[in-house]
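A short worksheet on the structure shown next.
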Amino acid sequence: MLIGLRDALDFAESRNCGIAAINTPTLELLLSAIRVAERYQVPLIVQHAQVHETVNAIEDIGPVMVELARRSSTGLVVHVDHGETVDYVERGFAVGFNSAMFDGSRLPYDDNVAQTRAVVEIATARGYGVEGELGVMPGREDGVESKGVADQALYTRPEDAAAFVAATGVTALACSFGTVHGLYKAVPKIDYELIRELRRAGGVPIVMHGGSGLSCDEYRSSIERGVRKINYYTYADKAGLDAARKVLDDQPDTHVFCDLTVAATKAIEANLDDLVRCLYRVV
Ligand code: 13P
């Protein structure tokens with residue numbers, strides 16, 4: 001069934017856990033994410049990032065996401081991830097998405113506030129929650145272009161988080177505290193104390209971007225301090241790629257692409273199973 005962003009975040013708050021927010025630009029990722037959520041009967045967010053328009057357009061994969069979420073036995077949010085224009089968020093809502101992130105973090109501060117505020121107004125009229133972003137997160141959410149380390153100078157300041165949330169009315173806040181999008185090329189320097197301060201100053205749940213590639217301890221320590229939504233993509237898709245490579249190596253005479261997608265789906269599902277057991281403290 002479809003649930004709202006606030007419902008998912010409330011669940012996380014009441015259980016002191018984190019909600020997995022999985023980028024699902026392909027059917028392999030989407031089916032894996034939903035199967036794992038159903039296996040443990042936990043709420044989960046499936047999301048489509050604007051940078052993944054090159055993989056599948058939101059008008060193509062979006063209706064599939066919405067339909068599978070509607071008929072699921074567990075609660076799923078269908079979320080626009082890193083919408084870079086108000087228009088893109090509206091394209092998501094038009095195909096049935098019920099939650100959105102507006103990413104104005106590369107805009108001048110006042111423009112980020114104004115455009116995020118505009119998205120909040122559109123979403124509120126529909127009863128949907130909105131995630132905003134403040135602070136620059138290195139790398140792109142499509143898993144490439146990351147230097148693999150965060151620049152301490154770009155970490156979000158708690159006083160800025162407080163002002164941004166007050167000015168925009170966002171439901172949750174993505175900010176910079178040491179994680180990066182894409183592959184980690186160095187050990188991430190997560191500032192746990194900063195997470196706690198951002199949560200306190202902003203007064204809303206904190207969203208971790210660049211969530212894949214961390215240890216269970218790192219997730220749980222972040223959750224303890226106020227992270228409630230964990231955005232996750234690169235390492236799940238990499239697990240799929242590694243499995244597909246193995247098929248090519250082990251069975252060089254394979255002649256159908258489906259042999260790769262079947263192996264990839266299994267590997268993605270196993271990767272997400274580990275994540276969900278950690279985030280939701282499944283014993
Ligand atoms: P990773 O691809 O680094 O896991 O980040 C995903 C993300 O933050 C999507 O918004």
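No lab work stands behind these numbers, since they all come straight from the coordinates. All of these numbers come straight from a predicted model, not from anything done at the bench. Cβ atoms come from the backbone with ideal geometry, glycine included; neighbour counts cover every protein chain shown.
Observations on the structure shown:
- Rounded tilt (10° steps) of 234-250 against the dominant C-alpha axis of the chain: 10
- Principal axis dimensions, largest first and in whole angstrom, of the range 182-283 by Cα: 58, 30, 20
- Between the C-alpha center of the range 196-221 and that of the range 22-52 there is a gap of 20 Å.
- Positive end of the dipole of the chain (Cβ unit charges, origin at the Cα centre): among Ile61, Gln47, Leu107, the Cα lying farthest that way belongs to Gln47.
- Ranked list, fewest to most other Cβ atoms within 10 Å of each Cβ, for Asp87, Asp273, Asp237: Asp87, Asp273, Asp237
- Extension gain (nm, one decimal) between Tyr109 and Glu67, 0.36 nm per residue minus Cα-Cα: 11.5 nm
- Degrees, to the nearest 10: 158-168 long Cα axis against longest axis of the chain: 90
- The value obtained for the chain, namely the Cα convex hull volume divided by the number of residues, is 122 Å³ per residue.
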